[in-house]
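The values are calculated or read from the model by the stated rules, or taken from the named source; none is laboratory data. Because the structure is predicted, anything quoted here is derived from the model rather than measured. Neighbour counts are summed over all protein chains in view; Cβ atoms, including those assigned to glycine, are modelled from backbone coordinates with ideal geometry.
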Amino acid sequence: MIFDRKFTRVLHIDLTNKRFYKQDRPELFEKYIGGAGVAIQLLKEECPEGINPFDPQNPIILATGVLNGLFPLASKTTAMFKSPHTGNLGESHAGGRSSIAIKMAGYGAIVIKGKSERPCYIAIHQGKIFFRDATTLWGNKSSISAGHFIRENEPSSGFRTIIRIGHAGERLIPFSCVTTETYRHFGRLGLGAVFGSKNLKAVVVSGKRSLPVADRLQYNKLYDEIFKSATESSLMKKYHEIGTPINVAYLNLSKGLPTRNLKQSHFEEADKISGEAIANGYLGKRLACAHCPVACIHISAIREPYIDEPYFYKTTMVGYDYELIYALGSMLGGSDVQGMMLLIDKIEHAGLDCMTTGVVLSWMTEAFEKGLISEKDTQNVFPKWGDYNAYQEALKLMLEQANDFYVALSKGVSHVSSIYGGKDFALSFGGNEMPGYHTGPAAHLGYLLGARHSHLDNAGYSIDLKNMPTMTLSPSEIAHKIITEEKWRQILSSLVICFFAREIYKPDIVIKALETAGLKLTLDELTSIGTEILKDKYAFKIREGFTFEKLEVPERIFQTPSSVGTINKEFFMESLNSAKEIIKNELLKESVINDE
Ligand code: SF4
């Protein structure tokens, strides 16, 4: 039994009537251990079947896990909602101080429904909930300055998180993100636009409760063990020193770095945008999520001279990681670090998902190159690989929704290519734009079949990289490995552990850690919880219209050599069919499968 009922409480907020109530759901947290496990149950309960993602009844669910606040790197919050970008399951994770603040305020999860008549933000200070007017913040071009305003105007007690959207979310651009603590995001699948559709600018949460543990001595011992692994492991050391951009050079060398809209998988100027080069030339500081000794968040300091003012500079602090460098560097054929960082900065202020924006701009560049779109469509912007001035212009016009083309572009590459052509190089999987790994068939299979179409669902890329330079696994072995990994990741997503610590939180450590929180589970029980959660996610997807038959595979992935050589289409389709069979047999037995 979980010790403290305050952390199994669900806070329900109704924005339409400005009301709230609290519900104790110990059975939910005990059965599903929090995070993704609890969130998918709440989504099933709260999201009416087939609704428009912008319907006020689409819930925003923020769920913490049983280990948040207790152990190092258990630092994330899981958000769940119906995605306006894919029209299906929306799930995104963010760190910062979000999960700790929600728990310290005395809640396990928060569910927000309805729509405020006027722009507002919600302030939750322990047991007190306030609906604040946000009219003056609405329309502000920067999610960062909205955060600053709230920081100055809200009382602070203990841990505090400020979760907010930018201009893009207000304009309902379906790949808008939600920012926490300036440099962390619920990045993918459009949570920002769901906030916008509710006239909700932000949620600020603060609290200073404490967390009980079963056996203080046992807890201290385990805490020290995990802390030691986190600070002494060589992988974590690399994440601290260079951060995830350490992957740029490695993936480039192994021909897995998508470049110029994946016309290439190797960037001839990668050395200029490698993690090492950026750290050497631009690293300003490192930050950490709450309760994380790793501090992998890297912030660059970009200096721009003032015109006619010698020795005077404007310094902009811009966060970066591997996925941003891929999407807004190699994918755009850009090696000018300053130009790339200033583009990232603009996207962050607007509150868009950087990864999707990069893929969208790279599709636009190739479509322009091939004459599928004209300068009339682009309003005299001439997108060219590596030209960051042109990309800044295109971004501005997309945010302004300047004409039909930019409106279509702002709905993602699958949508825009269905109007203007270029499907074969529209790098979208299940409606979500491609992550930064062209490592082989397992990576792409993982994007296609992952419950949220993310590389983080099942890390297919690591299967490819372990098999370089030639894939030695059979299609069905790949399928099995991907699905087994995704089942285990449901446990990490429920606790909610940062995936960078997945090598630390192996099953034996997870079992011991859960015991300190009052939950005694065997490995078999844990495994079946993971399967159950994935099953429920797939059932939700099917309910909302997902079919395997609708999945599109962009031809481009079969044309450009990957880390394990050129991907054979037949081999790939065989692994896809094999994975479909496993999902149908193991996860969907009782669900209605639309494409049968
Ligand atoms: S490793 Fe990085 S992303 Fe993960 S919890 Fe620590 S600071 Fe946050």
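Observations
- Flag for Val213 being over 30 Å from Phe130 (Cα atoms), among the β-branched types (Val, Ile, Thr) and in a loop (DSSP other than H, G, I, E, B): yes
- Here the condition is being buried (at least 22 other Cβ atoms within 10 Å of the Cβ) and more than 16 Å from the ligand (Cβ to nearest atom); of Pro258, Pro245, it holds for Pro258 alone.
- Members of segment 399-422 that are touching a residue at least 60 places away in the same chain (Cβ under 8 Å), crowded, with 19+ Cβ neighbours inside 10 Å and farther than 21 Å from Arg556 by Cβ: Leu399, Ser410
- When Tyr322, Tyr326 are checked against the criterion of being at pLDDT 95 or above, under 14 Å from Met434 (Cα atoms) and surrounded by fewer than 24 Cβ atoms within 10 Å (Cβ to Cβ), Tyr322 stands alone in meeting it.
- The sole residue among Lys285, Lys346 that is of a type in the set (Lys, Arg) and either surrounded by 24 or more Cβ atoms within 10 Å (Cβ to Cβ) or away from the ligand (no atom under 16 Å from the Cβ) (or both) is Lys346.
- From the options Asn58, Asn52, residue that is free of Cβ contacts under 8 Å to residues at least 40 places away in the same chain, outside the structural domain of Gln490 (by TED's automatic domain parsing) and farther than 18 Å from Ile491 by Cβ: Asn52
- The single condition among (1) without any contact (Cβ under 8 Å) to a residue 24 or more places away in the chain; (2) surrounded by fewer than 22 Cβ atoms within 10 Å (Cβ to Cβ) that Glu515 does not meet is (1).
- Of everything in segment 484-500 that is surrounded by fewer than 21 Cβ atoms within 10 Å (Cβ to Cβ) and under 16 Å from the mean Cα position of the chain (by Cα), the residue that is nearest to the ligand (Cβ to nearest atom) is Phe500.
- Count of segment 293-326 residues which are in contact with a helix residue (DSSP H, G or I) (Cβ under 7 Å, 6 or more places away or on another chain) and either aromatic (Phe, Trp, Tyr) or farther than 22 Å from Glu241 by Cα (or both): 2
- Residue, nearest to Phe227 (Cα to Cα), within segment 293-316, restricted to residues that are surrounded by fewer than 21 Cβ atoms within 10 Å (Cβ to Cβ) and within 16 Å of the ligand (Cβ to nearest atom): Pro293
- Qualifying residue in segment 416-423 (condition: out of contact with any Phe, Trp or Tyr (no Cβ under 8 Å at 6 or more places or on another chain) and more than 24 Å from Pro561 (Cα to Cα)): yes
- Among residues of segment 55-77, those that are within 14 Å of the ligand (Cβ to nearest atom) and not in a loop (DSSP other than H, G, I, E, B), counted: 2
- Residues in segment 184-230 that are surrounded by fewer than 24 Cβ atoms within 10 Å (Cβ to Cβ) and β-branched (Val, Ile, Thr) were compared, and the one that is farthest from the ligand (Cβ to nearest atom) is Val213.
- Cβ pairs under 7 Å, 6+ apart, first in segment 88-107 and in the same structural domain as Phe29 (by TED's automatic domain parsing) and over 23 Å from Asn58 (Cα atoms), second of a type in the set (Phe, Trp, Tyr) and more than 14 Å from the ligand (Cβ to nearest atom): Arg97/Phe159; Ile100/Phe159; Ala101/Phe159; Lys103/Phe7; Met104/Phe159
- Residue satisfying condition, being among the small types (Gly, Ala, Ser) and in contact with a Gly (Cβ under 6 Å, 6 or more places away or on another chain), within set Ser229, Ser156, Ser210, Ser143: Ser143
- Scanning segment 269-280 turns up no residue that is within 15 Å of the ligand (Cβ to nearest atom), under 26 Å from Asp464 (Cα atoms) and among the charged types (D, E, K, R).
- Some residue of segment 528-545 being closer than 30 Å to Asn220 by Cβ and outside the structural domain of Asn88 (by TED's automatic domain parsing): yes
- Filter pass, Phe425 being of a type in the set (Phe, Trp, Tyr) and either at positive phi or surrounded by fewer than 24 Cβ atoms within 10 Å (Cβ to Cβ) (or both): yes
- Total residues in segment 78-97, condition of a type in the set (A, V, I, L, M, F, W, C) and either away from the ligand (no atom under 16 Å from the Cβ) or more than 15 Å from Ile497 (Cα to Cα) (or both): 3
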